[in-house]
Amino acid sequence: MGDKAHTHPGAAGRAQAADRPTSVRNVVLVGHSGSGKTTLVEALALTAGAVNRAGRVEDGGTVSDHDEIEHRQQRSVQLSLVPVEWNGIKVNLLDTPGYADFVGELRAGLRAADAALFVVSAADGVDGSTRMVWDECAAVGMPRAIVVTHLEAARADFEEMNRICAETFGGDDPDAVLPLYLPLRGPEGPDGHAPVTGLIGLLTRKLFDYAGGERVAHEPVGDQVPLIEEARGRLIEGIISESEDETLMDRYLGGEDVDVKTLIDDAERAVARGVFFPVLAAAPAAPGARQGLGTVELLDLITNGFPTPLEHGTPQVTTLDGRPRELKPCDPDAPLVAEVVKTSSDPYVGRLSLVRVFSGTLRADQTVHVSGHGLTDRGHEDHDVDERVGALSTPFGKVQRPVSHVIAGDLACVAKLSRAETGDTLSAKDDPLVMEPWEMPDPLLPLAIEAHSKADEDKLSQGLSRLVAEDPTMRLEQNQDTHQVVLWCLGEAHADVALERLRSRYGVQVDVVPHRVSLRETFGGRASGRGRHVKQSGGHGQFAICEIEVEPLPNGSGVEFVDKVVGGAVPRQFVPSVEKGVRAQARKGVAAGHPLVDVRVTLLDGKAHSVDSSDAAFQTAGALALREAAAEAKIHLLEPVAEVSVLVGDDYVGAVMSDLSGRRGRVLGTEQSPGGRTLIRAEVPEIEIGRYAVDLRSLSHGTARFSRRYVRHEPMPPQVAERVKGEARAAS
């Protein structure tokens, strides 16, 4: 954090396996799409000596994620790990996507990390989704720091960005968010813009010049001195106010010149405790340069100020039968508990699992117990099996460097865990344990798909199962009512990536079709029907006649069948056949092909033949009778209604409520929530919220969240019902 001596690990990819938890730092990078997270990771790796001057791994792999989809979309779509070494400390940099559709990857990164770097653009500011993630980190006390990027932009203003960060992230204590360094600008260019060429260290009162491609320390001169003193005084007060030494503030206010080492040590302890949030600046190195601006300072902060895995509590662990299990935090000699934070498929090595070890030591070729995460409601297979660990490696772009073991606190890739999915727990086979799963957002955008050809149909099931194994934010549904295969996603970009992975990774071509909600049909009043199935075509004939009456029942009653035949007009052995035919027709529907519900069907009369009547004949007659009754009656379409809960910033409450009303929604109530947000509850027909995940994001600028749950089916308005029936007739 101060002006310290630095060593560089010379050899590429030197950061492999850690030998003790105290020599590991796990850091997740958080920020909106385009804020510069991946560029910053590359700059840090370059400074740490893990890549050559061209920004590439020495043996040819790239620092950034090698997924072809990311290259095509020009943005990160998945979590990636880049380990580097700095002053003997292994730093696991977890780069997360900034786009809201890939928040599942972000949450996985938060689970694997012990501290967070919030990357904000000096040109674009702080968006709503970044604020929400900051609040989540604050709720669990995760240490955080802020890195300001894009200082080269014409409209970049570091001082203004500091003010915004203090206001946005500081809450009731804006003095807990303060810069450690001020950018130093060089001479103005022809365009009038003065580029940032160095940093001024406020605690050390030193100037760090990056203009030559290497960090060089100087003493400040001229008008730089008063600039330093003004900002330095505020920084010192901010650090001291969070100090565990309660006498320090009195000594400082009494005129004592506090030792720089004391200030640095106090600042680092306050950062590790999650009560002080320094602001730093960073920029990538110029072509051919060794160090990017601010990267040395940032690596110093990570290694000296961020906590070790020993200081991060282990998530709750239980036995398979649910009994709590206490484990010593991050002990390499304790029972094994590790978690799969990401699953991917590699064309050469098969399934690859990125694993964070929380307790014990994971070894290559070890047999472990894989405990499923219970996401069976999302189409994921639940499982508890023993599997043999394949090779262990530490990743760097396309390169996997083998390691023999991974201790508690470290991360590594595990090959050939064929059953393990994202979120699963790995533990000792003779002492199986389960970790409490991290919170995942519900996928609320439906994507109905069909195999493009017979060849695709044969591969579709396996491709889909692999897809959901990799991504717990995706839900696979085989809808029994509409007979559609539906992938529930977080947004359009999430859906696009799913389709692309099916095609490019698993060789499955699919067609996207309109998503259908599960409608129902019911009778609007009493009606009678006569089913006559009489055929005589030589040999054994068919004879069955039945008369029924249908009447509507209250919501949720299903289909009730009543036998009121007298005198044996329909022989007793054929009454169940009539019921079977009626129920079969009810499942198929009587108007628009949707299941019939909430009716009572009463069998009143009929006729039989001593030779030609049969079970099949009376089944057919029962179905015909129900269809005839439906032709005489008014059939109502019932649509599913969901209760929608929307958590939105107060500024957007009016727009959201107006939008819900336009979707035929009924607002049930509102209530205030912390952080200037409001919870809106409404009942909305499901047919109106198929794309609500996309529309709400646009409406609230990405700051709102919603959940939904099925409530009931209720009659659809006549004009909407007629349109649906017309579409059904046209399709048939």
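Structure values in brief
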| read-out | value |
| --- | --- |
| Options 659, 605; residue that is open to solvent by 20 Å² or more (accessible area, probe 1.4 Å), acidic (Asp, Glu) and touching an Asp or Glu at 6+ places or on another chain (Cβ under 6 Å) | 605 |
| Residue list for the range 601-636, restricted to those being assigned to a loop (DSSP other than H, G, I, E, B) and within 30 Å of residue 726 (Cα to Cα) | 633, 634 |
| Residue in the range 181-189 that is open to solvent by 50 Å² or more (accessible area, probe 1.4 Å) and either of a type in the set (A, V, I, L, M, F, W, C) or in contact with a His (Cβ under 7 Å, 6 or more places away or on another chain) (or both) present | no |
| Among residues of the range 498-524, those that are surrounded by 19 or more Cβ atoms within 10 Å (Cβ to Cβ) and among the acidic types (Asp, Glu), counted | 1 |
| Identity of the residue in the range 445-475, of a type outside the set (Asp, Glu) and under 15 Å from the mean Cα position of the chain (by Cα), that ends up farthest from residue 506 (Cα to Cα) | 445 |
| Number of positions in the range 688-697 that are of a type in the set (A, V, I, L, M), in a helix (DSSP H, G or I) and either touching a Lys or Arg at 6+ places or on another chain (Cβ under 8 Å) or open to solvent by less than 20 Å² (accessible area, probe 1.4 Å) (or both) | 2 |
| In the range 662-687, the residues that are open to solvent by less than 30 Å² (accessible area, probe 1.4 Å), aliphatic (A, V, I, L, M) and either part of a helix (DSSP H, G or I) or in contact with a Lys or Arg (Cβ under 7 Å, 6 or more places away or on another chain) (or both) | 682, 684 |
| Residue, surrounded by the most Cβ atoms within 10 Å (Cβ to Cβ), within the range 242-267, restricted to residues that are charged (D, E, K, R) and out of contact with any helix residue (DSSP H, G or I) (no Cβ under 8 Å at 6 or more places or on another chain) | 265 |
| Among the residues listed as 289, 282, 270, the single one being farther than 16 Å from residue 203 by Cβ and open to solvent by less than 10 Å² (accessible area, probe 1.4 Å) | 282 |
| Any hit, the range 546-567, residues being under 30 Å from residue 730 (Cβ atoms), part of a loop (DSSP other than H, G, I, E, B) and open to solvent by 60 Å² or more (accessible area, probe 1.4 Å) | yes |
| Sole residue being under 20 Å from residue 297 (Cα atoms) and open to solvent by 50 Å² or more (accessible area, probe 1.4 Å), chosen from 167, 152 | 152 |
| Exclusive hit being open to solvent by 40 Å² or more (accessible area, probe 1.4 Å), at pLDDT below 90 and among the polar types (S, T, N, Q), set 376, 367 | 376 |
| Where residue 257 falls short, out of the listed (1) part of a helix (DSSP H, G or I); (2) farther than 24 Å from residue 47 by Cβ; (3) of a type in the set (D, E, K, R) | (1) |
| Residues of the range 568-592 satisfying the condition of being assigned to a loop (DSSP other than H, G, I, E, B) and closer than 19 Å to residue 518 by Cα | 589, 590, 591, 592 |
| Those residues of the range 698-707 which are open to solvent by 60 Å² or more (accessible area, probe 1.4 Å), outside any loop (DSSP other than H, G, I, E, B) and over 13 Å from residue 490 (Cα atoms), in sequence order | 698 |
| Single unsatisfied condition, residue 527 versus (1) in contact (Cβ under 8 Å) with a residue 12 or more places away in the chain; (2) open to solvent by less than 70 Å² (accessible area, probe 1.4 Å); (3) farther than 21 Å from residue 634 by Cβ | (3) |
| Flag for residue 591 being at pLDDT 95 or above and small (Gly, Ala, Ser) | no |
| Residue satisfying all of: in the range 443-477; open to solvent by 60 Å² or more (accessible area, probe 1.4 Å) and modelled with pLDDT under 90; farthest from residue 314 (Cα to Cα) among these | 458 |
| Lone qualifier among 314, 318, 343 - being under 27 Å from residue 115 (Cα atoms) and in a loop (DSSP other than H, G, I, E, B) | 314 |
| Boolean, residue 141 is over 18 Å from residue 280 (Cα atoms) and either of a type in the set (Lys, Arg) or touching a residue at least 60 places away in the same chain (Cβ under 8 Å) (or both) | yes |
| Out of 714, 639, sole residue that is open to solvent by less than 30 Å² (accessible area, probe 1.4 Å), of a type in the set (Asp, Glu) and either closer than 30 Å to residue 474 by Cβ or not in a helix (DSSP H, G or I) (or both) | 639 |
| Answer from 227, 199 - the residue that is part of a helix (DSSP H, G or I) and either open to solvent by 50 Å² or more (accessible area, probe 1.4 Å) or of a type outside the set (Ser, Thr, Tyr) (or both) | 227 |
| Verdict on residue 646 being at pLDDT 95 or above, among the β-branched types (Val, Ile, Thr), under 26 Å from the mean Cα position of the chain (by Cα) and part of a helix (DSSP H, G or I) | no |
| Which numbered condition residue 458 fails, given (1) touching a strand residue (DSSP E or B) at 6+ places or on another chain (Cβ under 7 Å); (2) without any contact (Cβ under 8 Å) to a residue 60 or more places away in the chain; (3) not basic (Lys, Arg) | (1) |
| Only one of 251, 269 that is farther than 24 Å from residue 159 by Cβ, at pLDDT 90 or above and in a helix (DSSP H, G or I) | 269 |
| Cβ-Cβ under 7 Å pairs, at least 6 apart or on other chains, the range 359-383 side more than 24 Å from residue 313 (Cα to Cα) and outside any strand (DSSP E or B), far side among the polar types (S, T, N, Q) and at pLDDT 60 or above | 364/404 |
| Within the range 515-545, considering residues that are assigned to a loop (DSSP other than H, G, I, E, B) and among the hydrophobic types (A, V, I, L, M, F, W, C), the one nearest to residue 445 (Cα to Cα) | 517 |
| Failed condition for residue 583, given (1) basic (Lys, Arg); (2) in contact with a strand residue (DSSP E or B) (Cβ under 8 Å, 6 or more places away or on another chain); (3) surrounded by fewer than 17 Cβ atoms within 10 Å (Cβ to Cβ); (4) within 25 Å of residue 525 (Cα to Cα) | (3) |
| Selection within the range 659-712 - hydroxyl-bearing (Ser, Thr, Tyr) and without any contact (Cβ under 8 Å) to a residue 24 or more places away in the chain | 661, 670, 698 |
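The values are calculated or read from the model by the stated rules, or taken from the named source; none is laboratory data. Since the model is a prediction, treat every value here as computed from it, not as a measurement. Positions of Cβ are generated from backbone atoms using ideal geometry, with glycine treated the same way; all protein chains shown enter the neighbour counts. We work out accessible area using only protein heavy atoms, side chains counted, and drop any ligands, DNA or RNA first. Shrake-Rupley method; radii C 1.70, N 1.55, O 1.52, S 1.80 Å.
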